[in-house]
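Accompanying notes for the structure given below.
The values are calculated or read from the model by the stated rules, or taken from the named source; none is laboratory data. Note that this is a predicted model, so its numbers are computed, not measured. Cβ sites come from the backbone with ideal geometry, for glycine too, and all protein chains shown count toward neighbours. Accessible surface is based on the protein model in full, side chains and every heavy atom, while ligands, DNA and RNA are left aside. Shrake-Rupley method; radii C 1.70, N 1.55, O 1.52, S 1.80 Å.
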Amino acid sequence: MTAKRFPTAVMGSWPRSKEVLRALRDKRAGRISEEEFLAVTQKAALQILKWQEEAGIDYVSDGEQRRDNYISFIAEHLENVRMLSVSELLEYIDDKASFEEILGTLDVPSFSMTNPAATGKISRKKPIVLNDFLFLKKHTDKAVKVAIPGPYLLTRSMWVEGLSEDAYPAKEDLAADIVKVLREELEDLISAGVEFVQFDEPVLTEVVFTKKNANRTFMCGALTAKADAREEIAFALSLMNQVTEGMLGRGTRIAVHVCRGNWSTQDDILLRGPYFPLLPYFRQVNVDQLVLEYATPRAGELDAVREMGDKEIGLGVVNPRTETVESVEQIIGRVQELRKFVPDEKIFLNPDCGFGTFSQRPMNSDQIALEKLKAIVKAAEELRGQAP
Ligand SMILES: [Zn+2]
């Protein structure tokens, strides 16, 4: 049997219910035990799994219900990492006014932003996502996708001046241990038979598309002054390639996801620009798949993929931030455009980004998210029905 053409996948995160939000708050405040927290979040994960199965998605996730946001959850899995709120983070920023201005003008949900910071030598305290995968796998025959923050995103956010220097004089020193931790996790995930591992590197677009306040990033809270964009991209590339060295072709599909941020539904403030400045990264990064946002015009024309090498493309075909559900025709139209540049067996369909990157600010309701997934699956089915 040949593999199914146009497999469909979710990105990872899903909106949190009131119960999950309460459990996240209670856990942080120490009002509930880890077991109680797990009971609530696992129940939520199973509901989300059911919706994805109902929609007919091929690569499902657990909705990242245990995560406060896409990055800060890592703090509790690593030794010597402290979670900082925005106000705590501000203490380490010299130019507080401009940082606050970025948060304000960009509509950043600062109440929801927490940042993991390295305060000593880091190592894995417990697996990062392995246990979440094992739980989900007990309940489904579908292929499972797990998302982990990428090495560049982690380095940028975890190296905080005033907190990290004793253990790591420079962010490059911390990066070496981040690569080590991610490789350990990846080994475990491959051994456990995870079908799809996605590294999230959203901050890459910030490197190339932020003009004002370019030396500051809020997306990961990092305070590291930015070098030349080309140098940063080369640095990010070397980190990712160190993580995946020797890991490809062992049964687990490995991907990098890049998007324009997913913190607000106000489209005009999110990062804009075609992928061309990132081509050196895309061309040389050693992964199976690039998962790219393409449902928004902010991402530019699709022809940029021509220069990304012969990798699979996880095409973003629905916008998680809009209430309108994309039509099947619209989605098919987008895929037809991609087919001019990429062979069918290398095309995956997925939303642009998660539906709940930040627990406190879901991008959509369960209902609309589900409708969007159904539209993706219908489009994939129609495409499969057509002659190759
Ligand atoms: Zn994203």
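Quick look at the values:
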{"item": "Some residue of the stretch 274-288 being of a type in the set (S, T, N, Q) and modelled with pLDDT of 95 or more", "result": "yes"}
{"item": "Qualifying residue in the stretch 181-204 (condition: hydroxyl-bearing (S, T, Y) and surrounded by fewer than 19 Cβ atoms within 10 Å (Cβ to Cβ))", "result": "yes"}
{"item": "Test: residue in the stretch 54-70 that is over 28 Å from V181 (Cα atoms), outside any loop (DSSP other than H, G, I, E, B) and out of contact with any Cys (no Cβ under 9 Å at 6 or more places or on another chain)", "result": "yes"}
{"item": "From the options V325, V335, residue that is modelled with pLDDT of 95 or more, more than 16 Å from the ligand (Cβ to nearest atom) and closer than 30 Å to V20 by Cα", "result": "V325"}
{"item": "Residue in the stretch 245-254 that is farthest from the ligand (Cβ to nearest atom), counting only those that are under 30 Å from N319 (Cβ atoms) and surrounded by fewer than 23 Cβ atoms within 10 Å (Cβ to Cβ)", "result": "T252"}
{"item": "Extreme residue, nearest to N115 (Cα to Cα), among residues of the stretch 60-100 that are surrounded by fewer than 21 Cβ atoms within 10 Å (Cβ to Cβ) and among the hydroxyl-bearing types (S, T, Y)", "result": "S85"}
{"item": "Filter result for A229 (modelled with pLDDT of 70 or more, within 16 Å of the ligand (Cβ to nearest atom) and small (G, A, S))", "result": "no"}
{"item": "Close pairs from the stretch 176-205: first over 20 Å from D62 (Cα atoms), partner acidic (D, E) and crowded, with 17+ Cβ neighbours inside 10 Å, Cβ under 9 Å, at least 6 apart", "result": "L204/E232; T205/E293"}
{"item": "Qualifying residue in the stretch 361-372 (condition: in contact with a helix residue (DSSP H, G or I) (Cβ under 6 Å, 6 or more places away or on another chain), within 15 Å of the ligand (Cβ to nearest atom) and either farther than 23 Å from G12 by Cβ or of a type in the set (K, R) (or both))", "result": "yes"}
{"item": "Scope the stretch 167-185; condition under 23 Å from Q198 (Cβ atoms) and either of a type outside the set (D, E, K, R) or touching a Phe, Trp or Tyr at 6+ places or on another chain (Cβ under 6 Å) (or both); matching residues", "result": "L174, A175, A176, I178, V179, V181, L182"}
{"item": "Unique residue being modelled with pLDDT of 95 or more and surrounded by fewer than 23 Cβ atoms within 10 Å (Cβ to Cβ) when the list is E307, E312", "result": "E312"}
{"item": "Of residues in the stretch 158-178 being within 25 Å of the chain's Cα centre (by Cα) and open to solvent by less than 10 Å² (accessible area, probe 1.4 Å), the one nearest to N115 (Cα to Cα)", "result": "M158"}
